[in-house]
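Contents: one structure, followed by commentary.
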Amino acid sequence: MKTITNINNKETMHIGNYQRVLRIISGGPISRVGLSRLTGLTQPAIGNLTGQMLADGIIEEAGKLQEDTGAGRRPVLLSLTPSWGYIGCISIDRDEICAGICDLGGSIVLSPCYFPYPDDVEQTLDLLCDTLKDMIRTHLPANSRIIGVGVIAPGPLNSSTGMMINPPSFDRWNGLNLLDEMRKRLPWPVFTEHNSTAIARAELRLVSSEKYRNFAIYFINAGIGLGLVLNGEIYTGIDGIGCEIGHTSIDVNGRLCSCGNRGCLDLYASTAAVVHDARRVDGSLDSWRKIVDRAIDSCDRFCDELLKLQASYLAGSMINLDNLLTLDAIIIAGQATYRGEYLCDKIRRRISRSLAGSGRVPDIRLSSISGHTSLSGAGAVVLSQFFYNELFLSCGLTI
Amino acid sequence: MEYIIGIDIGGTKTAISLAGTGSDIPQIVDGIRFETPKSGYASTLQSIIDNCYKLLDNNGILTENLRAVGICCGGPLDAENGIILSPPNLPGWDHIPICRHLEEEFSVPAFLENDANACALAEWKFGAGRGCSNLVFLTFGTGFGAGFILNGQLYRGANGMAGEIGHCESFWHGDGNLYCPVGHGRSGSLEGFCSGSGIAELGRTIALQYIQQGRQVSFCPDPGNLQNITAQTIASAAYAGDEAARRVYRISSEKLGSALALLTDILNPELIIIGSIYTRSTDLLREAALRTMQEQSLPLSCSACRVLPSGLGEQLADIAPVCVAINSL
Ligand SMILES: [Zn+2]
């Protein structure tokens, strides 16, 4: 297999240009002239590269520019061929596991499968992998190219080794090498990542990089995960382990957490925590969605207060984070986005009250990821390997 | 040899250093310190310029051999455009384009960063953080601020104001919310515990308490001395075994530990470097800070993160503004 290190300089430059131009085209239809302008490469060089891409089938001509440029000829637009390759997406989380497939453009092309959650880890892994293989065999055209499989799970997870290390409230998975286990079961390249980081990757593909150079994802489910994009890049700290916010304490004398700490944010502001608090008072409130529905549709005071309290915990955590990192935006993803404007608005109000004096308030908003957030995240892990790293070299392109 | 001038503008003192850039670490050739004029920016700027010339003259260096000027001072400031906005410790300074002034004077590029960022750069390039991709520098001096090197570059944040760790936690009390019960021991922002003035204030509170209980406080024999208490006098007393002084430093180090836990959880850095008071009084602060950090953070990030005093020590203040220029050249 080719790697960046065992090929010569001229080849490296050519491959680098091919990948860079492809990356730009993957952002949306663009003409050859536009590519030349954006990359600084000559028009003949762009002609060569795009010719090669057309022959590889990874891009296609997508009609002509609407506006007449005045030169008499309307330039042809080039766009990515999403069906050129597919990505297996697997998400393992505390409250659900699921598998799906997305295309090279990052759209989920096969609706995700959810599973009842087997207790046994080996069984769970088998089930996920068999289902994925089955989906690929029965739903994709024969001989479809599978670029790779992205597998995401709660942190801490070492992205490079694939080792899951003491994920809080996820004991059965502790010490498991997710990467090795998946590679044993799947014939394609596998990549693992901490789920909130993966979702930040998916979000990064969608948001304007000028508007949001620095942002945080709060991935709010049974636990609360943090993904960071800083200076326009994914930030994970050491070994791609990623960032954690759910176990930062908001009350040193608060509830005792399974991580050994007291007053962890997870215990107050995750969807599971809110359901837990609600059920202690009203047994019928057994799901997050029920609580939100009742707060909005029936103007239920109790449910509304629960959400208000959750919003204030989240706002407090976000203000601390913003004091540290001064962010352009804090983006909410996960279960908490269900009719999420309601919660978002409460958070916004708390934050603008507290940060009013500082003259700068980060945008608080819901994730722009449409479709299944976790699976888009898993897909984004492989897409970034393809568009930015060496996976690109082993996918049968004529480079 | 080429030279860089580094200027550290503080509320009380301004320090100018002249550094040679020949070797792998900038060599401080000479320096001048003077009281920051209280009469506003114009006179300060003039004495900065005069002293720069004096430094160059004294060392027989022609302005042609000057390569750049680096400046650091307290925030808020606009590093990108080289403008000092309106730092609380520099009254009368309001939107001062300091870099432009110095560029026009010396015909070399000038660069500006806040103190914490300048120290982070210095430790990263030449101190305890050499070779790291992700590190945090904590000023633990006049204030409590953070400078970040993340993904191998300086991180300034939206509008360049990142690093206000001293303001963290302040949300969790005082707004009458459910989770802010009285007597929780969280009666202020981190800066109130992890800074010179914070430690002195804490010292006053505890000294008064001890005196009222009829107990001995060696750093404050009677209430008349309360106003003379400084972080330094408490530290000396603590080293000599004074109980009240040790208590002050223990409380401060536990708060510092909470800050370290927050940073390791959120940023998972390789290294946190703590300057000033921590560097001078490591023995008083280290143990309780690390213990608290361990208790309050996730084990994996905590075990991967080293916590060190400044590697440049007393040199840091001189090298930091020089590094502001080096990083941008
Ligand atoms: Zn916890």
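No lab work stands behind these numbers, since they all come straight from the coordinates. Because the structure is predicted, anything quoted here is derived from the model rather than measured. Every residue, glycine as well, gets a Cβ built from its backbone with ideal geometry; the counts of neighbours run over all protein chains shown.
At 1.306 mPa s and 10 °C, plugging the Kirkwood radius over alpha-carbon pairs of region A:182-237 into Stokes-Einstein gives what diffusion coefficient in µm²/s? Walk me through the numbers before you get to the answer.
Working: Rh = 12.4 Å.
Reported coefficient: 128 µm²/s.
Based on other C-beta atoms within 10 Å, arrange B:Phe111, B:Phe34 from fewest to most. Can you show the working numbers first?
Numbers: B:Phe111 25, B:Phe34 14.
Lowest count first: B:Phe34, B:Phe111.
To the nearest µm²/s, what D does Stokes-Einstein give for chain A at 25 °C and 0.890 mPa s, using the Kirkwood radius over alpha carbon pairs as Rh?
Details: Rh = 22.7 Å.
D, rounded to a whole number, is 108 µm²/s.
Go ahead and set up a Gaussian network model of chain B, Cα springs under 10 Å, then flag whichever of B:Gly60, B:Gly163, B:Gly141 fluctuates most.
Of the options given, B:Gly60 has the highest mean-square fluctuation.
Hey, what do the phi angles of region A:202-218 turn into as Karplus ³J(HN,Hα) couplings, whole Hz, using 6.51/-1.76/1.60 and θ = phi - 60°, x for Gly and Pro?
With the stated coefficients, region A:202-218 comes to 5, 5, 4, 5, 9, 8, 6, 6, 6, 6, 10, 7, 10, 8, 10, 9, 9 Hz.
Volume per residue, Å³, of the convex hull around the alpha-carbon atoms of region B:135-310? Show your work: numbers first, answer last.
Values: hull volume 22.6 nm³, N = 176.
Enclosed volume per residue, from the Cα hull, is 128 Å³.
Considering only B:Cys194, B:Cys302, B:Cys119, give the residue with the highest GNM mean-square fluctuation for chain B, with springs between Cα atoms whenever their separation is below 10 Å.
B:Cys302
As a check on your grasp of the helix formula, calculate [θ] at 222 nm for the protein assembly as shown: sum -39500 (n - 2.57) over DSSP H runs of n ≥ 4, divide by the residue count, round to the nearest 500. Intermediate values should be presented prior to the final figure.
Numbers: 22 runs with 289 residues, N = 728.
Dividing the helical sum by the residues of the protein assembly as shown leaves -12500 deg cm²/dmol.
Over the protein assembly as shown, what per residue volume does the convex hull of the Cα atoms give, in whole Å³? Can you show the working numbers first?
On the way: hull volume 146.4 nm³, N = 728.
About 201 Å³ per residue, rounded to a whole number.
How big is the Kirkwood radius of chain B, worked out from every pair of different alpha carbons and given in Å to one decimal?
Values: mean 1/r = 0.0480 Å⁻¹.
By the Kirkwood definition, the hydrodynamic radius is 20.8 Å.
If you find the alpha carbon centre of region A:356-389 and of region A:210-255, how far apart are they in angstrom?
About 12 Å separates the Cα centre of region A:356-389 from the one of region A:210-255.
Just round it to a whole percent: the fraction of Cα-Cα distances in region A:210-366 exceeding 20 Å. Write out the running numbers ahead of the final one.
Numbers: 6055 of 12246 pairs.
Of all Cα-Cα pairs in region A:210-366, 49 percent lie more than 20 Å apart.
What does the structure give for A:243-250 when I average, per residue, the other chain Cβ atoms found within 10 Å of the residue Cβ?
Numbers: counts 6, 9, 3, 2, 6, 10, 9, 4.
Mean partner-chain Cβ count within 10 Å for A:243-250: 6.
I need A:His247, A:His372, A:His194 ordered by Cβ neighbour count within 10 Å, fewest first. Before the final figure, lay out the partial values.
Values: A:His247 25, A:His372 19, A:His194 30.
Ascending number of Cβ neighbours within 10 Å: A:His372, A:His247, A:His194.
Compare A:Glu244, A:Glu193, A:Glu96 in a GNM of chain A, Cα atoms joined below 10 Å, and give the one with the largest fluctuation.
A:Glu96
Can you give the FRET efficiency to the nearest 0.05 for A:Arg360 and B:Gln227, using r as the Cβ-Cβ distance and R₀ = 41 Å?
Efficiency computed from Cβ-Cβ geometry: 0.65.
Using the Karplus equation 6.51 cos²θ - 1.76 cosθ + 1.60 (θ = phi - 60°), what ³J(HN,Hα) coupling, rounded to whole Hz, does each residue of region A:363-370 give in order, writing x for Gly and Pro?
Computed from phi, the couplings for region A:363-370 are 5, 10, 8, 8, 4, 8, 5, 9 Hz.
Testing the spin-label approximation: label points 7 Å from Cα along Cα→Cβ at B:Arg246 and B:Glu314. State their distance in nm.
Output for this residue pair reads 2.9 nm.
Would you mind checking which residues have amide H under 5 Å from B:Leu271's amide H? H placed 1.01 Å from N; only 5 or more apart, or other chain.
Under 5 Å from the amide H of B:Leu271 lie the amide H atoms of B:Val136, B:Arg306, each far enough along the sequence or on another chain.
May I ask what percent, to the nearest 5, of DSSP beta bridges between residues of region A:210-366 are antiparallel? Write out the running numbers ahead of the final one.
On the way: 13 of 22 bridges.
Within region A:210-366, antiparallel bridges account for around 60 percent of the total.
Please order B:Glu113, B:Glu105 by the number of other Cβ within 10 Å, starting at the fewest. Working shown, then result.
Details: B:Glu113 29, B:Glu105 16.
Lowest count first: B:Glu105, B:Glu113.
Take every residue in peptide A:230-236, count the Cβ atoms of other chains within 10 Å of its Cβ, and give the average of those counts. The partial results should precede the final answer.
Details: counts 9, 8, 1, 4, 1, 7, 4.
Counting Cβ atoms of other protein chains within 10 Å of each residue's Cβ and averaging gives 5.
Can you tell me how region A:9-145 classifies by the Cα gyration tensor, rounded, prolate or oblate, using a/c under 1.5 as the rounded cut? Let's see the in-between values first.
On the way: a/c = 3.09, a/b = 2.44, b/c = 1.27.
Prolate.
Any idea what the relative contact order of chain A is, in percent, if you count C-alpha pairs under 8 Å spaced at least 6 apart?
Relative contact order for chain A comes out at 16 percent.
Peptide B:266-275: average number of partner chain Cβ atoms within 10 Å per residue? Each step should come with its number before you reach the end.
Numbers: counts 13, 11, 13, 2, 3, 1, 0, 0, 0, 0.
Going residue by residue through B:266-275 and averaging, the value is 4.
I'd like to compare B:322-328, A:13-19, A:363-369, A:137-143: which one has the highest average count of other Cβ atoms within 10 Å, and what's the full order after that? Each step should come with its number before you reach the end.
On the way: B:322-328: 25.3, A:13-19: 16.1, A:363-369: 18.1, A:137-143: 9.3.
Highest mean packing first, the order is B:322-328, A:363-369, A:13-19, A:137-143.
Helix B:316-328 against the longest principal axis of chain B: what's the angle in degrees, Cα atoms only, rounded to the nearest 10?
Its long axis makes an angle of about 50 degrees.
Is the C-alpha gyration tensor of region B:284-329 telling us rounded, prolate or oblate? Criteria: a/c under 1.5 is rounded; beyond that, a/b larger than b/c is prolate, otherwise oblate. Spell out each step's value before the answer.
Numbers: a/c = 4.61, a/b = 2.06, b/c = 2.23.
In terms of gyration-tensor shape, oblate.
Name the shape class, rounded, prolate or oblate, that the alpha-carbon gyration tensor gives for region B:1-152, where a ≥ b ≥ c are the square roots of its eigenvalues, rounded holds for a/c under 1.5, and otherwise prolate holds if a/b is larger than b/c and oblate otherwise.
Numbers: a/c = 1.73, a/b = 1.09, b/c = 1.58.
Verdict is oblate for region B:1-152.
Around B:Phe140, which amide H atoms from residues at least 5 apart in sequence, or from another chain, sit under 5 Å from its own amide H, with H modelled in the peptide plane?
B:Gly275, B:Ser276, B:Ile277, B:Tyr278
Hey, what do the phi angles of region B:189-206 turn into as Karplus ³J(HN,Hα) couplings, whole Hz, using 6.51/-1.76/1.60 and θ = phi - 60°, x for Gly and Pro?
Values, residue by residue: 6, 4, 4, x, 10, 10, 7, x, 5, x, 5, 4, 5, 4, x, 4, 4, 6 Hz.
Restricting attention to the alpha-carbon atoms of region A:115-188, what are Rg (one decimal) and Dmax (integer), both in Å?
So, for region A:115-188, Rg and Dmax equal 13.6, 41 Å respectively.
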